[in-house]
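Take a look at the structure set out below.
The values are calculated or read from the model by the stated rules, or taken from the named source; none is laboratory data. This structure is a prediction, so every number in the text was calculated from the model and none was measured. Because the Cβ atoms are built from the backbone with ideal geometry, glycine has one as well, and the counts that use them run over all protein chains shown. Each accessible area value is taken on the protein alone, full model and side chains, heavy atoms only, with ligands, DNA and RNA left out. Shrake-Rupley method; radii C 1.70, N 1.55, O 1.52, S 1.80 Å.
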Amino acid sequence: MLRRAGPFLRHFLLERNCSVGYSSYCSEAKMSRPVQARRLEGVDKNIWVEFVKLATTYSTVNLGQGFPDFPPPEFLKEAFSRAVSGEKHMLHQYTRAFGHPPLVKILAQLFGKLLGRDLDPMTNVMVTVGAYQALFCCFQAFIDEGDEVIIIEPFFDCYEPMVKMAGGTPVYIPLRPKAPKEGKLMSSADWQLDPAELASKFSEQTKAIVLNSPNNPLGKVFSRGELELIADLCVKHDALCISDEVYEWLVYDGKEHIRIASLPGMWDRTVIIGSAGKTFSVTGWKVGWTVGSNRLLQHLRTVHQNSVYHCATAAQDAVAEGFQRELEHYGKPDSYFVQLPRELQQKRDQLVQSLVAVGMKPIIPEGTYFLVADISEFKSEVPDVPNSDEPYDSRFAKWMVKNKGLAAIPLSAFYCEAHKGNYNSFIRFCFAKEDATLKAADDILQKWKLEKTAP
């Protein structure tokens, strides 16, 4: 009857019912059952929310978050401008769900050259909403309840919650630092896996290992020998390798980035993950990709088509033009892939000098645009608190942003809960910044140095 009464009468009757006895029920009725899915338990905290807020509130110079504050290359900005304001009006509409054809074609051409194999752009490449979504697709596509996933520490913080949300169990193994030679600063190369310890982490339940080279936050570029060790264990235990290579072009001091998928037995068990944000300094565009065998990528496509489904067409088109340009200039002095690491290496060296001057001990990164520094010498200035649940580096980073106006990220944020206390004397800086930003950071550090030495 109420349905046939019409909207106005129905509204009147409902209002009257509420006013004559149902008012408390109408206004206070709440769901009593839990609304949160179990897969979200324990993964709700995020280091970036807290430290971005602190940086926004207190910092004069933010070297915490990992994005450049300088513009992308002109050729890429021009390509994006043409995509959104040119006559190709279909670039404002949906494109192919698994990747804009011009982009997957040029990615297949480039990575085919790098890997030494013929790639099918339609089956060996998939475009994602940044590398973040590529990682999510991998864990959702491959990991079941009870599967174990080996994660090398320190690790990019999303690996752990993504594994858990997929129903998997993270198994952690740390890179262990070795003392540098007398009078030398430590290098990221001094942080190494123990071969026996790594082998002990593989079991019948191991489904995958996550490799991040160059590594965020440490800047380590895994050597061929280290990659061969990982590859041999993957083959022996029939495990997958999820290879996060978003910083593949950012390597320094003549180091070489080796793609683990190029090693014997690894193509059919590796998914390569890349990022236009890191490659072309456009993190806000959120264009990423996966490269791998169709046997693996077909399952990523299933996750993709039932979640995000599609990535921004215009951004993909501009990135395709950028890669076309870089392929034509590959290895030449005017290549952005040559120029950017050269510029970033100078910025790295500049920040190293500034940190050394104030008493920190930088760990020289071989790659990425991050630098980790040892702050153990500052415990007289910022005392440790015995039996505190908060790691020392976290409290130091908060103190530094509030009292010095310089933002960084505690390294313990990149470790599992059980290992945070073992690596709590380091903080991470990002040096992909304008010279003016790094100069402002240096001014803060020089002033801090004077304060430390003042009588």
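Could you tell me whether region 225-239 includes any residue that is open to solvent by 10 Å² or more (accessible area, probe 1.4 Å) and closer than 30 Å to residue 360 by Cα?
Yes: region 225-239 contains one or more residues that are open to solvent by 10 Å² or more (accessible area, probe 1.4 Å) and closer than 30 Å to residue 360 by Cα.
Within region 240-254, restricting attention to residues that are within 21 Å of the chain's Cα centre (by Cα), more than 21 Å from residue 140 (Cα to Cα) and not aliphatic (A, V, I, L, M), which residue is most open to solvent (accessible area, probe 1.4 Å)?
Of everything passing the filter in region 240-254, 249 is most open to solvent (accessible area, probe 1.4 Å).
Filter region 140-164 down to residues that are within 29 Å of residue 372 (Cα to Cα) and out of contact with any strand residue (DSSP E or B) (no Cβ under 8 Å at 6 or more places or on another chain) and give me whichever is surrounded by the most Cβ atoms within 10 Å (Cβ to Cβ).
Among those that are within 29 Å of residue 372 (Cα to Cα) and out of contact with any strand residue (DSSP E or B) (no Cβ under 8 Å at 6 or more places or on another chain), it is 162.
Please list, ordered by residue number, the helices (runs of 4 or more DSSP H) wholly in region 174-280 having 2 or more residues that are closer than 24 Å to residue 322 by Cα and modelled with pLDDT under 95.
In region 174-280, no matching helices (runs of 4 or more DSSP H) lie anywhere.
Conditions (1) free of Cβ contacts under 8 Å to residues at least 24 places away in the same chain; (2) open to solvent by less than 10 Å² (accessible area, probe 1.4 Å); (3) at negative phi, marked per residue:
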residue	(1), (2), (3)
268	no, no, yes
281	no, no, no
299	no, no, yes
318	no, yes, yes
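So, in region 145-173, of the ones that are out of contact with any helix residue (DSSP H, G or I) (no Cβ under 8 Å at 6 or more places or on another chain) and part of a helix (DSSP H, G or I), which residue ends up nearest to residue 361 (Cα to Cα)?
By that ranking, first place goes to 160.
Any idea which residue in region 364-406 is most open to solvent (accessible area, probe 1.4 Å), counting only those that are in contact (Cβ under 8 Å) with a residue 60 or more places away in the chain and more than 30 Å from residue 340 (Cα to Cα)?
The residue in question is 402.
Being open to solvent by 40 Å² or more (accessible area, probe 1.4 Å) and within 25 Å of the chain's Cα centre (by Cα) is the filter here; which residues of region 339-363 pass it?
Scanning region 339-363 gives 339, 342, 343, 345, 346, 349, 350, 361.
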